[in-house]
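Asks: The structure under discussion is supplied below as structure tokens; questions concerning it will follow.
The values are calculated or read from the model by the stated rules, or taken from the named source; none is laboratory data. This is a predicted model, so every value here is computed, not measured. Because the Cβ atoms are built from the backbone with ideal geometry, glycine has one as well, and the counts that use them run over all protein chains shown.
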Amino acid sequence: MDEFPEDIGAPVHGRAYPPLSSREISARLAVGTNTVWLIDAQGQIQARCALDELTVESRVGATERRVNFPDGTLFLTDRHTALEHLLADTSGSRLHHAEKFHPRLILISVACLAGAWGLWKYGLSVLVALAVWMTPPPLVSAIDTGVMQALDQVLTKPSTLNAGEKAKVQDSFNRVLAALGPAAEDHDYTLKFRDLPGMGPNAFALPNGSIVVTDDLVRLVSADALAGVIGHEIGHVAEQHGLTQIYRSLGAFVLIGMMAGDTGPVLEQVLLEGNLILSLSYSRQHELAADRFGVDLATRAGFDPDGLSEFFDLLDQEYGDHGDDWFSTHPGFKTRQENLKSLTQGQ
């Protein structure tokens with residue numbers, strides 16, 4: 001090898017590996033005017049190159065710095081300050097200093113948490129709306145199918161209504177749906193009859209338009225009340241309250257997945273198997289909005305606008321009004337009746 005040159009500055013000591021070899025040798029790095037040399041313990045030059053041909057990897061904590069020569073020779077050293085001084089490059093030290101703990105990191109962490117909270121509280125609604133808009137129709141249809149399968153396996157029983165009772169409800173459903181106009185084509189609205197022991201007179205809607213009514217609801221309420229309930233459930237579908245609650249409940253993880261175009265195993269397992277839907281409740285705002293929607297729709301279909309209020313009277317008498325409790329997701333029956341009264345007084 002060439003002899004060690006005389007016109008160089010103080011070298012940086014470390015260890016080196018020749019090209020395509022695992023043999024370790026003690027070495028030192030030296031820099032002249034325009035040339036970099038790697039010299040072994042015997043003073044022999046193992047590698048050399050122009051300064052701009054040398055590749056120096058970024059500093060990572062206190063680990064050894066990697067210096068690569070064009071011929072493949074690797075030099076490692078933990079003498080970061082000396083290396084940066086030799087190469088006239090202090091960017092690694094500035095970055096390392098910034099990575100060290102400093103009281104300002106507490107402020108930065110607090111600011112990040114405040115930003116995340118602000119995004120969750122104020123930005124999530126925008127992201128949810130975007131996710132709902134981006135949800136492909138086949139996925140919404142699959143959610144309905146998965147939920148109904150889950151319900152039929154663990155909760156519901158086949159309806160015991162006779163053909164005449166079902167026909168009357170179907171007629172009311174068709175009339176209310178017709179009042180929706182062209183918007184009825186936006187979802188696959190379908191009426192389903194089920195017996196849900198212990199659930200009483202009730203109904204619920206799934207995101208793609210599957211509307212389930214219980215046998216008790218059909219047998220206990222008037223046609224006007226039933227029309228109001230059906231209109232209420234159609235309102236949940238038309239306003240996409242179901243999907244909105246799904247995305248708000250699953251939060252940022254699903255939103256990021258939706259933005260990236262990959263629903264991933266979480267949606268497949270949780271949504272399509274119906275587990276999440278069964279545990280969701282609409283928000284108070286959604287319930288009041290669906291009440292208003294249902295009354296307007298039932299009225300346009302020719303039913304008594306006080307029908308839905310009559311339904312809440314029945315529930316209040318049978319089960320009591322616990323809706324205004326602090327942890328309740330539904331408004332109280334009285335609150336909902338007052339809301340409806342303001343709508344029907346002028347009709």
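Asks: Which helices (runs of 4 or more DSSP H) does the stretch 68-128 wholly contain that include 2 or more residues that are under 15 Å from residue 57 (Cα atoms) and at pLDDT 80 or above?
Replies: On the way: elements: 80-87, 91-99, 103-118.
It comes to 80-87.
Matching residues to (1) closer than 16 Å to residue 308 by Cβ; (2) free of Cβ contacts under 8 Å to residues at least 40 places away in the same chain:
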| position | (1), (2) |
| --- | --- |
| 198 | no, yes |
| 206 | no, no |
| 213 | yes, no |
| 216 | no, yes |
| 220 | yes, no |
| 235 | yes, no |
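Asks: What residue, among those in the stretch 324-347 that are part of a helix (DSSP H, G or I) and β-branched (Val, Ile, Thr), is modelled with the lowest pLDDT? Step through it out loud before you land on a result.
Replies: First pass over the stretch 324-347, keeping only residues part of a helix (DSSP H, G or I): 333-344.
If we keep only those that are β-branched (Val, Ile, Thr) too, we end up with 335, 344.
Working: 335: 77, 344: 64.
Among those that are part of a helix (DSSP H, G or I) and β-branched (Val, Ile, Thr), it is 344.
Asks: Going through 304, 321 one at a time, which residue ends up being at negative phi and at pLDDT 75 or above?
Replies: Details: 321 fails: at pLDDT 75 or above.
When all the criteria are applied, what remains is 304.
Asks: Just for the stretch 114-173: of the residues that are within 21 Å of residue 185 (Cα to Cα) and of a type in the set (Ser, Thr, Tyr), which one is surrounded by the most Cβ atoms within 10 Å (Cβ to Cβ)?
Replies: Step by step, filter the stretch 114-173, then rank; the result is 172.
Asks: For the stretch 201-255, which positions are more than 13 Å from residue 189 (Cβ to Cβ), hydrophobic (A, V, I, L, M, F, W, C), in a helix (DSSP H, G or I) and at pLDDT 90 or above?
Replies: Across the stretch 201-255, the qualifying residues are 217, 218, 220, 223, 225, 226, 227, 229.
Asks: Would you check which residues across the stretch 180-193 are surrounded by fewer than 22 Cβ atoms within 10 Å (Cβ to Cβ) and not in a helix (DSSP H, G or I) and list them?
Replies: Looking only at the stretch 180-193, we keep the residues that are surrounded by fewer than 22 Cβ atoms within 10 Å (Cβ to Cβ), and these are 180-186, 188, 190-193.
The answer is 180, 188, 190, 191, 192, 193.
Asks: Identify, please: which residue in the stretch 22-67 is out of contact with any helix residue (DSSP H, G or I) (no Cβ under 8 Å at 6 or more places or on another chain) and of a type in the set (Val, Ile, Thr) and is, among those, modelled with the highest pLDDT?
Replies: Of everything passing the filter in the stretch 22-67, 25 is modelled with the highest pLDDT.
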